[in-house]
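Below is one structure, written out as structure tokens; the observations come after it.
The values are calculated or read from the model by the stated rules, or taken from the named source; none is laboratory data. Keep in mind it's a predicted model, so treat the numbers as computed, not measured. Cβ placement follows ideal geometry from the backbone for every residue including glycine, while neighbour counts extend to all protein chains displayed. The protein model used for the area step is the full one, side chains on, heavy atoms only, and it has no ligands, DNA or RNA in it. Shrake-Rupley method; radii C 1.70, N 1.55, O 1.52, S 1.80 Å.
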Amino acid sequence: MNIWQSSDLLSYDEICKEDFPIVEKEEYRVPSGSFKIAIIGAGPKGLYGLVALVNALRATPLHGPVEIHWYNETLHFATGQNYRIDQPDYLLINYAIGNISIWDDGGDFSEKLSLSDWLRTNVSDGTKVNEGDYASRALVGCYLKSCAHSILSNLPAEVTVKCIVGEVTDLIPAQNRKKFSLHVPGKYFIHDVEYDHVLLATGHVYRFAGEVPGNMRAFAHQSKIATYISPVYPVSEHLAHIKNTDKVCVKGMGLTFIDVVLALTEGRGGRFYAEGSQMRYEPSGKEPLSIYAFSEYGVPMLPQIASSASKSNLFFINEDWVEDLIEEKGKGNIDFEGDILPVLEREYMVRYYKSHMDKAGFHHAGSDGIWISDLDKIINRFHQKHPEVSKFDLDSILTPFHNLENIEACEYHCLVKTYLAEALHEIKEEGAKSLTISLAAVWKAALPCISRIYELGGFTGRSQQKFESEYLDKFNRISFGPPPVNIEKLVALTDSGHLFFRLGADTEVATNAATGKYRIYSHQTKYLREAKVLIDTGIARPDGGMGAPLFSQNLTKRKAGSLLTKNFVPSPIKLDIKGNIIDSRGLDTDGVALMGTRAEGIILDNDCLSPRGNDFIRGWVQDILSKARGNKYKQKQKIGA
């Protein structure tokens, strides 16, 4: 498995040139009579929207000019914040490159390449590129920029794209509610423009609402000593002022936590190197004095490699099961714990025992279907012959140390380190057949089916709330972790005495006015740590209330109805099945669609690097073409299209 970086590209300057058609002058005037479309957000989802729209306009052109305005808060068009090309190459994606392509069906571009094919043409030895390789986020950003350049340099006749830098703070419907204007402070030439269609693809929310984060931030302002950091990106800027004499506590142990730890070590000149089969860390002396990590469940994500997870790998969860469940219970009446979890747990149990039986050479007679029908009997026979194998317990897989009591901090630290090291060893020795990867594949394969049940309020309100607060992160932790090299680095940093897992689970964060520092206490390990720096790696869920971006607040107040599922509001915005926002009167907002991370709570599995998952883009494009038919523009089907 290779890790590809932006430094591997043969023509970095040419690929990543900043030549987007950015409008900066007040003299610019939108052509009158044009059909106007706004895309708000220039990360991957905004790029997918642009690609799909341009492809559609190429296949079925309109009589008359089409003006597309692409909005972003920064100059990082096509990449957004997450895939900026100026970030360090040690920040990696957790997705094999063979899964990534911005090109969906349609379009007649000569260089319609997936990320892996694009890499093969842009590195010195393309034969070394494998579908299961990983890449830095900066390199993915280079790919996204290259694709955007390809689109913008091959626009259909009468289609114009303009990039506008600025924060959109409000979307204002016209009196007839058929068109919309945008408010962008400082961009006065935009305020009189009325758009026929708007796509919202504004990405992650890094600003939390709520009392606790506010108190932590306020304490940092009051204290002469403490520092509270959230958000963390870009890491080279937001973490730069941390000193080598500081003790740092990091809240959260997900992917962002790993980025933070590497930024404070490797990003400060430290060096990872191989010593036999082990990875070691050589410090630069610029690292903080110590880094203490804590989270709700007290354990980091498990390493992952590319695997062939698909619904066909499952025994019980499939499209027929989804149809039967929805028909029996009805949308909005499905309970995750009662209707889905028992079936999902059985899938995990099958995968668990198949892995152990294969390792032990325990053979059962008959096909998989016969085996499944006699599963309980076969498991009993297996345990009689192999009592050393632990009996299956899903809780111990999802949260291995959460229920440990009377455990000392140093012992807990060693347990976490050993847990990670054993997973790494298993993956190195057995690859995709390892138990770690086999179990990870269950959630990956089941997720499309569960997403279909979940979407648009499929669960009861109480069940959705419990699923999101008690289950979703647990399943994601064992299935969507980083490539093994990043976990190797964490283990090396525990060996070098820079990273500590002593705080365990059930951790309380408070402030100490006397010392001016943060006070972090684990009820599990009874360990107390005071730190000058508290880094919160969490990413907020979409929220239209205080603490959310002004645009979300205004949109929620102005017209977007809430998705209310029996006393639980998972999103401040309500969508129809095509991604169109539904207003407070229950009517579709003709001309405004939402996709990407901001739709979480309405749909599930909203991976920003996939144009196919929860694909609202197709419906949005079709709505644009339909609306254009109702205006003075007439479509002419392209000959041969």
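Quick look at the values:
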{"quantity": "Residue in segment 241-265 that is surrounded by the fewest Cβ atoms within 10 Å (Cβ to Cβ), counting only those that are hydroxyl-bearing (S, T, Y) and part of a loop (DSSP other than H, G, I, E, B)", "calculated": "T245"}
{"quantity": "Some residue of segment 528-538 being within 15 Å of I229 (Cα to Cα), open to solvent by 10 Å² or more (accessible area, probe 1.4 Å) and polar (S, T, N, Q)", "calculated": "yes"}
{"quantity": "Options I427, I487, I450, I437: the member that is more than 20 Å from V299 (Cβ to Cβ) and either in contact with a strand residue (DSSP E or B) (Cβ under 6 Å, 6 or more places away or on another chain) or surrounded by 16 or more Cβ atoms within 10 Å (Cβ to Cβ) (or both)", "calculated": "I450"}
{"quantity": "Subset of segment 329-345 [at pLDDT below 95 and part of a helix (DSSP H, G or I)]", "calculated": "K329"}
{"quantity": "Failed condition for A492, given (1) open to solvent by 10 Å² or more (accessible area, probe 1.4 Å); (2) not in a loop (DSSP other than H, G, I, E, B)", "calculated": "(1)"}
{"quantity": "Verdict on L456 being closer than 30 Å to N486 by Cα and either open to solvent by 30 Å² or more (accessible area, probe 1.4 Å) or within 33 Å of the chain's Cα centre (by Cα) (or both)", "calculated": "no"}
{"quantity": "Sole residue being assigned to a helix (DSSP H, G or I) and open to solvent by less than 30 Å² (accessible area, probe 1.4 Å), chosen from A505, A445, A432", "calculated": "A445"}
{"quantity": "Criterion violated by L75 - all others in (1) surrounded by fewer than 20 Cβ atoms within 10 Å (Cβ to Cβ); (2) closer than 30 Å to F272 by Cβ; (3) not small (G, A, S) satisfied", "calculated": "(2)"}
{"quantity": "Of all residues in segment 266-308 being over 30 Å from W443 (Cβ atoms) and acidic (D, E), the one that is least open to solvent (accessible area, probe 1.4 Å)", "calculated": "E287"}
